[in-house]
Amino acid sequence: MNFKTICVSALLAFSIFSSAADEQYAASDTSVLGAHEHGKALLMLVVDGNEMQLALQSAAQTIVGFEQKASTAEQIAEIAAAIEVFNRGEWFQFNADANCEVTAAETNTDLLDAKFNRGHADFYANYQLLCQQPARLKQLDLQLFSLLPSLQQLQVQWVINGRQGAADANLNNSTIRF
């Protein structure tokens, strides 16, 4: 089975897992991220063998402070700066002994889509990583909350070589343990 097929399967598992997790999150007074919520973001992580895919989705309001199509030079510069920061992939770090390295990064937003003419734009950051010791993958440290002051909650969902889980991160708890 190739990695792309595994990622699609994992995303289907995420949707099933999210449905099953609704009760757990409802009980803890935390909702599963909807299609677009200000102050919240979703991070999905899939590891197959030593290859990892990491995908972040957030409301543009949370990233750049607006979600309508950019209309000023300042807004266009804000978007470009955010894309540059996210493409560096420096807002997350896995435990060092897993030896994971970003091999590709791509960030985009609805705000740059020429056909975008509605409000409520999102940002998407996608990463490919190679982990030399994936069996040692134990935690993810997030510096996203200091980067984005309006981010209040990051829902993290993962599938790591057949194991799946989910956790919420916030400013006071920005380390995810697998």
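The values are calculated or read from the model by the stated rules, or taken from the named source; none is laboratory data. Every value quoted in this text rests on a predicted model; they were computed, and no experiment measured them. Counting neighbours? That spans all protein chains shown, and the Cβs are built from the backbone with ideal geometry, glycine included.
If I go through the range 140-155 residue by residue, how many of them are in contact (Cβ under 8 Å) with a residue 40 or more places away in the chain and within 17 Å of A59 (Cβ to Cβ)?
Residues that pass the stated criteria total 9.
If we keep just the residues of the range 47-80 that are among the hydrophobic types (A, V, I, L, M, F, W, C) and more than 18 Å from the chain's Cα centre (by Cα), which is farthest from D110 (Cα to Cα)?
Filtering the range 47-80 for residues that are among the hydrophobic types (A, V, I, L, M, F, W, C) and more than 18 Å from the chain's Cα centre (by Cα), the one farthest from D110 (Cα to Cα) comes out as A73.
Go through the range 91-123 and report how many residues are modelled with pLDDT of 95 or more and among the charged types (D, E, K, R).
Looking only at that region, the number is 3.
Starting from residues that are at pLDDT 95 or above and not β-branched (V, I, T), keep the ones in the range 151-163 and report whichever is farthest from the chain's Cα centre (by Cα).
Filtering the range 151-163 for residues that are at pLDDT 95 or above and not β-branched (V, I, T), the one farthest from the chain's Cα centre (by Cα) comes out as Q152.
For the range 113-146, name all the residues that are within 22 Å of G39 (Cβ to Cβ) and out of contact with any Asp or Glu (no Cβ under 9 Å at 6 or more places or on another chain).
The answer is L140, D141, L142, L144, F145, S146.
Kindly evaluate I83 against the criterion of being surrounded by 17 or more Cβ atoms within 10 Å (Cβ to Cβ), modelled with pLDDT of 95 or more and out of contact with any Lys or Arg (no Cβ under 9 Å at 6 or more places or on another chain).
yes
Of (1) out of contact with any Gly (no Cβ under 6 Å at 6 or more places or on another chain); (2) of a type in the set (G, A, S); (3) more than 22 Å from H38 (Cβ to Cβ), A105 satisfies all except one. Which?
(1)
Report yes if some residue within the range 57-79 is closer than 26 Å to N172 by Cα, outside any helix (DSSP H, G or I) and acidic (D, E); otherwise report no.
Checking the range 57-79: not a single residue is closer than 26 Å to N172 by Cα, outside any helix (DSSP H, G or I) and acidic (D, E).
Hey, among the residues in the range 162-178 that are assigned to a strand (DSSP E or B) and free of Cβ contacts under 8 Å to residues at least 24 places away in the same chain, which one's surrounded by the fewest Cβ atoms within 10 Å (Cβ to Cβ)?
R163
Please enumerate the residues belonging to the range 33-56 that are assigned to a loop (DSSP other than H, G, I, E, B) and crowded, with 16+ Cβ neighbours inside 10 Å.
If the condition is that a residue be assigned to a loop (DSSP other than H, G, I, E, B) and crowded, with 16+ Cβ neighbours inside 10 Å, then L33, H36, E37, N50 are the ones that fit.
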